[in-house]
Amino acid sequence: MKYTRTLIFALLVILVAACTERKATTVGSDPEVEKRIGELISRMTLSEKIGQMNQVSAGGDISNYADALRRGQIGSILNEVDPVKINEFQRICVEESRLGIPLLVARDVIHGFHTIFPIPLGLAATFDPELVSEGARIASLEATAQGIRWTFSPMLDIARDPRWGRIAEGSGEDTWLDARMAEAMVRGYQGETLDTTSMAACIKHFVGYGAAEGGRDYNSTFLTERQLRNVYLPPFEAAVKAGAMTLMTSFNDNDGVPSTGNTFILKDILRGEWGFDGLVVTDWNSMGEMIPHGFGTDRKDVAEKAVKAGVDMDMMTFGFISHLEELVAAGSVKESVIDEAVRNILRIKFLLGLFEHPYVDVERGEAVQYAEAHLEAARRSAEESAILLRNDGILPLDPGRIRTILVTGPMADAPHDQLGTWSFDGQKAHTVTPLQALRERFPGKVVYVPGLAYSREKRERFDDVVATARRADVVLAFLGEEAILSGEAHSLADLNLIGSQSALLAALRSAGKPVVATVMAGRPLTIERDLPNCNAVLYSFHPGTMGGPALANLISGDVNPSGKCPVTFLRTVGQAPMYYSHNMTGRPYNGEKLLSEIEAEAGQTSLGNTSYYLDYGACPLFPFGYGLSYTTFSYSDIRLDSQSYPVDGTVNISFKLSNTGDREGTEVVQVYVRDVVGSVTRPVKELKAFERVTLKAGESRTLQLKVAVAELAFWGLDGVKKVEPGDFQLWVAGDSASGEPVAFKVK
Ligand code: NOJ
């Protein structure tokens, strides 16, 4: 049986390798490693095997765990970052347990370990996979130097509802962008080849978690198989192909089946279709939570369901360690199922080289943290992640003409909060805030009046700030939300600037001086009502350790903004979920009048026969892909190399991009495609390629981009993924709402 599976698997590997151009990576294609795993398993007792399947949260007193480690009852720990303690945990496992199996030490290293990069949503705004990969590599260098060899990242949940606080942790709303970021992060964490600086990536949360109903965290999802396959699964598949070593099941139930007990996604798709032979871990107690879900009666029941569905490791339910032995003894779970899980776990330990190098060099660990090159990469990432949403010309500030700058707002000097959610290990003392950086960039010119001590503070009068604004040449207001307002369990139903921040902006406006707002937040907030009070708006999400210097460089014009919206910015929360790649309705919006316009005409309330909101229309505040620069770009001469392509062909696109302004800048060129008629209705357009291009002032360049026709395949009516021949349209533009389509056919 074991050999048949190995044979089938080997065939699958060959098949995958033959069918794709990307590096076909399977975690376990090393026969030597497979042999070592087999030998080790043959020496393990059932109890030791089940011990490997148990992950516990450490932190604190080692003596609490020493005995269990010695008896081989813990396969992995999370939440210990002290290298001395980690070494001691390892020593007990390696030297004092019967078989000497090292521990897999995990941590949520989500956007940097000590050096904190922008939150993942901000990283996605860079549209720069290379830079994102570099950031992940740096996170690995820092974390592995302290003994952490497994990170619970990247989060690949497509998020189309900004109420969901965890939108901060992913790449936003788009499947293609998410998949490219997924590959980049996996590459960065694990490295090109596995060595002691490799941290196993964990792609999460499998699957659909970001589609929580109402944007409320942990809520149910109701995704059809087609939506899963066309929208939610491709980033996971891309990450698996890129070699992701581990995967985490999600908290949600989709269409009634909690992911941790979902055989269809874990076995049929992940293992069967994609050939994944890495490690599957539950989310924190997500096995236990199948009880309140109403999917299992007690911990024994859910342990059985999870292991049979394909879970290898239990994070913090203690269901496997407490019940698997009796389940095997009773014949309810076959020992071969346990063997398979242990095989998947040991494979990661062998591949990471833990058997050869279980210990970490404590001194090296210290030296690596916050290295100059790391801070530099964090600064570049923060620069590229900032999106210029509005600018009447006030930015960049002209240092020669500005004598006094008022810096204000709750995020101007909030060293912890600019780090964003999931930055456990980033230290406040190393964070450079905008206030600090601006004082350095504009010596003697900065006056700081906080206005609001924190975002939620309620205040009606701002006399002190307004008086200072009157004396200043420009006002720089740093607004948004603290780290704690986004992230896990932190969903919001109101997405306007919280507290009295809008009132602060209005008060600043009354001083009559130009106001530049920089918003730091974990999500796209609804800032429409604030725009009239701003001459410019920079949206920087939570930019991390080097957010201050990055923003000072952008504001001063030393760096030209190039970030683009990785998610649609809504006018009002009631528009959620709104995303650019929606399906075409039978009654697409045609610019019909709003209620306010109609009321002015004879009190008639509605003529609406198309898909829109009477009060807010059908358009967002800023579309996906949007972002300004201090220069301007124009697109022309967009040509395809043919009018029709075979299904295995490649669309070669050429176009001219011109920098029509007076300074160098970087444009994120985006290619969108629409499949005009399908066996099922198709999105109005979907991103299929992007590239960052830097042009000098006045420069024009003819550029080429490619889209493989195979990338236009989708899961149609017959449940088969394929390209459906017919008419297509293609746009090359600077955002998802611009440009003119070029037609082509697939035959
Ligand atoms: C729960 C979160 O959902 C998951 O993303 C995280 O990795 C685990 N806790 C471990 O901290």
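The values are calculated or read from the model by the stated rules, or taken from the named source; none is laboratory data. All of these numbers come straight from a predicted model, not from anything done at the bench. Neighbour counts run over all protein chains shown; Cβ positions are idealised from the backbone, glycine included. Calculation scope for accessible area: heavy atoms of the full protein, side chains included, ligands and nucleic acids excluded. Shrake-Rupley method; radii C 1.70, N 1.55, O 1.52, S 1.80 Å.
Protein chains only, probe 1.4 Å: how do PHE424, PHE622 rank by accessible area, largest first?
Details: PHE424 115, PHE622 5 Å².
The most accessible residue leads, giving PHE424, PHE622.
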Open item on the list: Going by amide H atoms built from the backbone, whose H comes under 5 Å of the H on MET584, apart from near neighbours?
Closed with: ARG682, VAL684
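Counting Lys and Arg as +1 and Asp and Glu as -1, what is the net charge of the other residues whose Cβ lies under 14 Å from the Cβ of GLY661? Please report the intermediate quantities before stating the final value.
Working: positive: ARG663, LYS696; negative: ASP662, GLU664, GLU667, GLU699.
Value of the local net charge: -2.
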Task: lysines with Cα under 16 Å of LYS35, excluding same-chain neighbours fewer than 8 positions away - done: LYS2, LYS349
TODO: Whenever you get a sec, line up ARG347, ARG439, ARG461, ARG229 from highest to lowest accessible area (probe 1.4 Å, protein heavy atoms).
DONE: ARG461, ARG439, ARG229, ARG347
Task: For peptides 58-71, 562-575, sequence by mean Cβ density within 10 Å, most packed first - done: 562-575, 58-71
Task: For VAL684, net neighbour charge (Lys/Arg +1, Asp/Glu -1) across residues whose Cβ lies under 15 Å away - done: -1
Open item on the list: Show me, for the stretch 145-159, the HN-Hα J-couplings you get by feeding each phi into the Karplus relation (A = 6.51, B = -1.76, C = 1.60, θ = phi - 60°), rounded to Hz, glycine and proline as x.
Closed with: 5, 10, x, 8, 10, 8, 10, 8, 7, x, 8, 10, 6, 5, 10
Task: Vicinal HN-Hα couplings computed from phi for the stretch 717-726 (Karplus, 6.51 cos²θ - 1.76 cosθ + 1.60; Hz; Gly/Pro x) - done: 4, 7, x, 10, 7, 7, 7, 9, x, x
Open item on the list: For a protection proxy built on the mean count of beta-carbon atoms within 10 angstrom, sort 523-531, 425-433 highest first, please.
Closed with: 523-531, 425-433
Open item on the list: Could you work out how much longer the chain between ARG216 and ASP268 gets when fully extended? Use 0.36 nm per residue separation minus the Cα distance between them, nm to one decimal.
Closed with: 15.9 nm
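Which whole-number value in Å² is the accessible area per residue of the stretch 633-746, probe 1.4 Å? Walk me through the numbers before you get to the answer.
Working: 5110 Å² over 114 residues.
Averaged over the residues of the stretch 633-746, the accessible area is 45 Å².
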TODO: Just report the Cα centroid separation between the stretch 309-323 and the stretch 350-384, whole Å.
DONE: 31 Å
TODO: Treating cross-link reach as a plain straight distance, find the lysines whose alpha-carbon is under 17 Å from the alpha-carbon of LYS513, omitting any fewer than eight places away in the same chain.
DONE: LYS445
Open item on the list: Straight-line reach from LYS747: which lysines fall under 30 Å, measuring Cα to Cα and dropping same-chain residues less than 8 apart?
Closed with: LYS23, LYS241, LYS656, LYS685, LYS688, LYS706, LYS721, LYS722
Task: Kyte-Doolittle mean at least 0.5, axial Cα span of 18 Å or more - DSSP H helices of the chain - done: 2-19
TODO: Could you tell me, in Å, what Rg and Dmax come out for the Cα atoms of the stretch 381-499?
DONE: 15.5, 47
Open item on the list: Please report the antiparallel percentage of the DSSP beta bridges confined to the stretch 7-364, to the nearest 5.
Closed with: 10 percent
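Determine Rg/Rh for the chain; Rg is computed over alpha-carbon atoms and Rh is the Kirkwood hydrodynamic estimate from the same atoms.
Numbers: Rg = 26.6 Å, Rh = 27.1 Å.
Across the chain, the Cα-based Rg/Rh ratio is 0.98.
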TODO: Please report the relative contact order for the stretch 633-746, taking Cα pairs under 8 Å with a sequence separation of at least 6, and give it as a percent rounded to a whole number.
DONE: 32 percent
Task: Estimated 222 nm signal from helices in the chain, with DSSP H stretches of n ≥ 4 weighted -39500 (n - 2.57), rounded to 500 - done: -8000 deg cm²/dmol
Task: Average Cα contact separation per residue, the chain, under 8 Å, 6 or more apart, as relative contact order % - done: 13 percent
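Out of all DSSP beta bridges in the chain, what portion is antiparallel? Express it as a percent rounded to 5.
Working: 47 of 86 bridges.
Approximately 55 percent, going by the DSSP bridge assignments.
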TODO: Run the accessible area of the chain with a 1.4 Å probe and give the carbon-and-sulfur part as a rounded percent.
DONE: 51 percent
Task: Rg [Å, one decimal], Dmax [Å, integer] - the stretch 98-145, C-alpha atoms - done: 13.9, 49
Task: Amide H contacts of THR249 (H built 1.01 Å from N, under 5 Å, at least 5 apart or other chain) - done: PHE206, VAL281, THR282, ASP283
Open item on the list: Tell me the accessible surface of TYR612 in square angstrom (1.4 angstrom probe, heavy atoms of protein chains only), to the nearest ten.
Closed with: 40 Å²
- [ ] Any chance you could look up the accessible area of ILE138 with a 1.4 Å probe, heavy atoms only, rounded to 10 Å²?
- [x] 10 Å²
Open item on the list: Show me the ranking of peptides 361-370, 114-123 by mean Cβ neighbours inside 10 Å, starting with the highest.
Closed with: 114-123, 361-370
Open item on the list: With bins 10 Å wide starting at 0, give me the P(r) of the stretch 7-364 over every alpha carbon pair, in whole percents.
Closed with: 6, 26, 36, 25, 6, 0
